[in-house]
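The values are calculated or read from the model by the stated rules, or taken from the named source; none is laboratory data. Please read these numbers as outputs of a predicted model, since none were measured by experiment. Cβ coordinates were reconstructed from backbone atoms using ideal geometry, including for glycine residues, and neighbour counts include every protein chain displayed.
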């Protein structure tokens with residue numbers, strides 16, 4: 001039988017969140033039922049809910065930064081037991097057979113993966129996310145959360161953590177390299193911690209020095225203001241890698257000029273408009289402009305273990321069920337340092353709204 005749970009739901013982009021009842025599928029033999037303890041708020045949730053990435057399927061529950069405890073397992077589940085500490089990120093299924101899936105790159109599934117919310121599931125239903133009491137997920141897309149990570153600070157790692165860890169791992173960031181993190185928000189603050197833990201000399205690039213103190217607390221050696229006169233000339237050819245975490249228009253050519261020969265700018269932010277690029281800024285010096293989109297399940301587990309080993313975690317603000325609409329506005333305004341996390345245990349006492 002399907003499982004009925006309480007969840008935060010929107011009936012349209014301009015409607016407030018309400019506590020509603022939604023159905024999770026009848027658990028299959030290879031499914032894990034998770035009692036959700038914390039759910040992070042990602043800017044992707046906001047883009048989806050506000051129809052900024054196309055028409056969403058309403059009514060809709062979002063959320064793909066999920067941490068909780070295994071409540072039940074199917075008869076064919078081998079990797080998890082009741083009581084285990086687990087998480088779910090941006091994916092809940094993929095074909096498992098294509099070249100990308102066989103290479104542990106499920107995020108690039110050639111037949112189309114299944115997102116944690118607003119995505120067509122294998123049975124034709126629309127997936128519903130983690131702003132809820134419980135979730136039912138195929139065991140292959142469940143992550144193990146190390147004991148060293150509390151649920152509330154672990155939840156954002158399932159998106160913000162892997163989104164920044166993956167390119168830093170792909171480009172082999174290591175001791176002695178000079179890495180610049182462009183933007184110090186929900187993504188950037190994880191990028192700083194991870195790059196520093198890998199031994200890099202980390203510089204934060206921001207429009208102002210307002211966050212200098214916290215950047216250094218996170219592991220940055222310095223913060224540079226990109227609006228200072230002569231900035232791009234003064235720091236030309238300085239960095240081995242730039243991790244671009246911002247979703248805003250930037251002068252791409254100018255930033256490519258900050259790289260050393262054969263340097264890399266890897267992009268994880270998604271601006272709403274196309275960005276101009278002159279090929280000369282890539283060709284001169286043999287530089288690389290790359291993109292990265294989360295990571296596969298194996299690499300996400302690697303990231304969680306890395307963060308636990310090095311004492312890394314998201315910096316968060318906890319919000320109640322009735323504060324999520326306001327939190328969305330604060331995220332858009334850049335007023336959150338650095339991730340809002342919903343206390344989903346509050347569903348137990350919440351009343352379902354008509």
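Applying the condition of being part of a strand (DSSP E or B) and at pLDDT below 95 to the range 46-95 and asking which residue is farthest from residue 314 (Cα to Cα) yields 54. Return the residue satisfying two criteria in turn: it lies in the range 323-340 and is in contact (Cβ under 8 Å) with a residue 60 or more places away in the chain and more than 28 Å from residue 166 (Cα to Cα), and of such residues it is farthest from the chain's Cα centre (by Cα). That would be 325. One residue is enough: does the range 260-269 have a residue meeting the conditions closer than 20 Å to residue 164 by Cβ and modelled with pLDDT under 95? Yes: one or more hits. Residues in the range 320-334: is at least one at pLDDT 95 or above, surrounded by 21 or more Cβ atoms within 10 Å (Cβ to Cβ) and not in a helix (DSSP H, G or I)? No, the range 320-334 contains no residue that is at pLDDT 95 or above, surrounded by 21 or more Cβ atoms within 10 Å (Cβ to Cβ) and not in a helix (DSSP H, G or I).
Residue-wise test of (1) buried (at least 21 other Cβ atoms within 10 Å of the Cβ); (2) within 15 Å of residue 128 (Cβ to Cβ); (3) under 24 Å from the mean Cα position of the chain (by Cα).
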{"site": "10", "(1), (2), (3)": "yes, yes, yes"}
{"site": "17", "(1), (2), (3)": "yes, yes, yes"}
{"site": "23", "(1), (2), (3)": "no, yes, no"}
{"site": "50", "(1), (2), (3)": "no, no, yes"}
{"site": "54", "(1), (2), (3)": "no, no, yes"}
{"site": "59", "(1), (2), (3)": "no, yes, yes"}
{"site": "75", "(1), (2), (3)": "no, no, no"}
{"site": "81", "(1), (2), (3)": "no, no, no"}
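Per-residue answers, yes or no, for (1) crowded, with 24+ Cβ neighbours inside 10 Å; (2) outside the structural domain of residue 72 (by TED's automatic domain parsing); (3) within 24 Å of residue 194 (Cβ to Cβ); (4) under 18 Å from the mean Cα position of the chain (by Cα):
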{"position": "92", "(1), (2), (3), (4)": "yes, no, no, yes"}
{"position": "102", "(1), (2), (3), (4)": "no, no, no, no"}
{"position": "106", "(1), (2), (3), (4)": "yes, no, yes, yes"}
{"position": "120", "(1), (2), (3), (4)": "no, no, no, no"}
{"position": "131", "(1), (2), (3), (4)": "yes, no, no, yes"}
{"position": "138", "(1), (2), (3), (4)": "no, no, no, no"}
{"position": "152", "(1), (2), (3), (4)": "no, no, yes, yes"}
{"position": "155", "(1), (2), (3), (4)": "yes, no, yes, yes"}
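The residue that is surrounded by the fewest Cβ atoms within 10 Å (Cβ to Cβ), counting only those in the range 197-214 that are touching a strand residue (DSSP E or B) at 6+ places or on another chain (Cβ under 7 Å) and closer than 19 Å to residue 176 by Cα, is 201. Can residue 12 be described as in contact with a helix residue (DSSP H, G or I) (Cβ under 8 Å, 6 or more places away or on another chain) and part of a loop (DSSP other than H, G, I, E, B)? In short, no. Entry remark, the range 335-348: residues being under 24 Å from residue 4 (Cβ atoms) and not in a helix (DSSP H, G or I) number 2 in total.
Annotation for the range 77-88: no member residue is over 29 Å from residue 148 (Cα atoms) and either without any contact (Cβ under 8 Å) to a residue 12 or more places away in the chain or outside the structural domain of residue 308 (by TED's automatic domain parsing) (or both). Just one of the listed residues (305, 249, 343, 253) is closer than 21 Å to residue 8 by Cβ and either surrounded by fewer than 19 Cβ atoms within 10 Å (Cβ to Cβ) or within 17 Å of the chain's Cα centre (by Cα) (or both), and it is 343.
Entry remark, the range 308-318: residues being under 18 Å from the mean Cα position of the chain (by Cα) and outside any helix (DSSP H, G or I) number 7 in total.
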